[in-house]
Amino acid sequence: MSDRVYIFDTTLRDGEQSPGASMNTAEKMRLANQLEKLGVDIIEAGFPAASDGDFEAVSQIAGKLQHTEVAGLCRASKPDIDQAWAALKTAVKPRIHTFIATSDIHLQYKLKMNREEVVAAAVAAVRYAKTLTPNVEFSAEDGSRSDRDYLCRVFEAAIAAGASTVNLPDTVGYAIPEEFGDLVRYVIAHTPNIHQAVLSVHCHNDLGLATANTLTAIRAGARQAEVTINGIGERAGNTSLEEVVMSLHTRPNFLPMETGIHTEHIYPTSRLVSMITGIIVQPNKAIVGANAFAHEAGIHQDGVLKNPMTYEIMKPETIGLNTNRLVLGKHSGRHALRTHLKELGYDLSDEELKIVFTQFKELADKKKHVMDEDLEAIVTEGILRTADIFKLEYLNVSAGTTVLPMASVKLSVNGRSVRDAGYGNGPIDATFNTIAKLTGTSSELLRFTVGALTGGTDAMGEVIVRLRENGLVALGKGSDADIITASAKAYLNGLNRLEYLKTHPVKAAQVL
Ligand code: KIV
Ligand code: ZN
């Protein structure tokens, strides 16, 4: 058995199914480039039949990537497969990923099909996909809750029809590691042609066991892991790429398998995903959380100073976490900024660097030390957020103990300037009321959180909002040295994301 584990990244597809995590095409493209740099083997770029936005993103990514396989998800139906292929066909290495559920509960209630019909649909889908590309993956949705012998029968039929990868998902995150490892061994032992395909696993994290299940499956013989950056995804998320890769990297005696991941790009990729989606990484998240390498206890600090390996099982540098951060200030030049941004994973064009440099200088005038977090915020707002409908042109707020808080706001709406003023309970309420008037939004503010990007009273404030309108949910993120401006930017970012969702409705019934 090969000791190479293929890393199939589905951040752009299953990851995007995290509530509020929608990304536009430009954001997906940027992330796909970063994932290629990270060295993932396959990027699942989207579900082309689901929405025009997905179709567009998959086609653009397919047309751009040179080394990485690009997969498009589709149900086991000809129109879905045709849509996927139309989006994928320009890829250097396309992969059609077709799926159908195999558990009795899904067959009876969702598909309303019997077992024979599902086998026939799977075979027909794989056979048809195979006429378009030799690289076809078949997934048995809800595989972990399917009858074992039936699952093996479906896999055998899919491989005979031409599937080069068969994927066993724990769709609802129900499996327990020992049980899941046992299921993988069972599948290998009872699917006669299994060695003609790569066996993959795809775990969800509902019980917090996605990584454990994936690793157990790899030990049992699976050779593709389907993962997302930061573990984002539907409900409690998917198996996190960084946890699987660093487990293999850190424990080669127990897990003697390799991946093609360049681990030093893990941290910058994690930051990029968080910046683009607005989903914050919990501080105690394994590998990439802010506290993952922070030692608080004196006895630990003492040990780490004497020899880092006393309490650290991995080196921060291995994942690209630069602990000796070069801090930039107002005398730093364009070259230092470019070099530093590159280290953070942002390879900017000259035009983009010009924009970031101007904003960096403005911030450096207000703040003595510009930190990595500040630069990331500038890049996110100045570069990553493209095609915005609503932009802040100016904001003036008066507030205090004796005045009625008032905000005067000027926005650009689709390139046209509009302005107004309004009152509120406080300066943020006044700002939001005025923005709501100017944009005409009927969205509801579900959550509003304020934090500081770094330490110190001159730190940039970071605001995250969660908005809902007609069942659509979007996150918005904004940062600025001024907390009220940061709030306005976050609100506008959320409104822009809602607009994107409205104009890119999901077409296919979301069955995942
Ligand atoms: O969770 C799941 O079953 C999926 C499949 C489509 C692979 O995402
Ligand atoms: Zn999934």
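The values are calculated or read from the model by the stated rules, or taken from the named source; none is laboratory data. Because the structure is predicted, anything quoted here is derived from the model rather than measured. Heads up, the Cβs are rebuilt from the backbone with ideal geometry, glycines too, and the neighbour counts pull from every protein chain shown. Surface areas here come from the heavy atoms of the whole protein model, side chains and all, with no ligands, DNA or RNA. Shrake-Rupley method; radii C 1.70, N 1.55, O 1.52, S 1.80 Å.
For residue 236, the shell of other residues with beta-carbons less than 15 Å away shows a net charge of -3, using +1 for Lys and Arg and -1 for Asp and Glu.
Between residue 190 and residue 89, the contour length at 0.36 nm per residue exceeds the alpha carbon distance by 32.9 nm.
Seen against the Cα atoms of the chain and their longest principal axis, helix 78-88 is set at about 50 degrees. Between residue 116 and residue 436, the C-beta separation translates, for a Förster distance of 56 Å, into a calculated FRET efficiency of about 0.50.
So what's the gap between the Cα centers of segment 38-100 and segment 106-178, to the nearest angstrom? Comparing the Cα centres of segment 38-100 and segment 106-178, I get a distance of 19 Å. Provide the FRET efficiency to the nearest 0.05 for the residue 254-residue 361 pair, computing r from the beta carbons and using R0 = 45 Å. Working from the Cβ atoms, E equals 0.35.
Positive contributions from Lys and Arg (+1) and negative ones from Asp and Glu (-1), summed over other residues with Cβ under 14 Å from the Cβ of residue 78, come out at +1. When a 1.4 Å probe is rolled over the protein heavy atoms, the share of accessible surface on the chain that falls to carbon and sulfur comes to 52 percent. Calculated mean residue ellipticity at 222 nm for the chain: -12000 deg cm²/dmol, from DSSP H runs with n ≥ 4 weighted as -39500 (n - 2.57), summed, divided by the residue count and rounded to 500. When the Cα positions of 133, 436, 267 are compared along the charge dipole of the chain, 436 comes out farthest toward the positive end, with charges on each C-beta of Lys, Arg, Asp and Glu.
For the pair residue 335 and residue 304, a Förster radius of 35 Å applied to the C-beta separation gives a FRET efficiency near 0.55, rounded to the nearest 0.05.
Using the 1.4 Å probe convention, the accessible area of segment 122-222 works out to 35 Å² per residue with neighbouring protein chains retained. Helix 115-130 and the long axis of the chain differ in direction by around 70°, with both axes built from C-alpha atoms.
Between residue 82 and residue 391, the simple label model (points 7 Å from Cα in the Cβ direction) yields a spacing of 4.1 nm. Going by alpha carbons, how many degrees (0 to 90, nearest 10) lie between the helix axis of 25-38 and the longest principal axis of the chain? Approximately 70 degrees, to the nearest 10.
A cut-off under 15 angstrom between Cβ atoms defines the neighbours of residue 437, and their net charge, with Lys, Arg +1 and Asp, Glu -1, is 0. Placing unit charges on the Cβ atoms only, positive for Lys and Arg and negative for Asp and Glu, gives the chain a dipole magnitude near 800 debye about its Cα centre.
Among the trypsin sites (Lys or Arg not before Pro) found in segment 213-280, those both in a DSSP coil and sparsely packed, with 16 or fewer other Cβ atoms within 10 Å of their Cβ, are 235. Placing +1 on the Cβ of every Lys and Arg and -1 on the Cβ of every Asp and Glu, with nothing else charged, gives segment 6-277 a dipole about its Cα centre of roughly 460 debye. Across every pair of non-identical alpha carbons in the chain, the mean reciprocal distance, once inverted, gives a Kirkwood radius of 24.3 Å. With a 1.4 Å probe rolled over the protein heavy atoms of all chains, the accessible area of 258, 178, 373, 56 falls in the order 178, 258, 56, 373, largest first. Summing Cβ point charges (Lys, Arg +1; Asp, Glu -1) relative to the Cα centre of segment 443-512 gives a dipole of roughly 400 debye.
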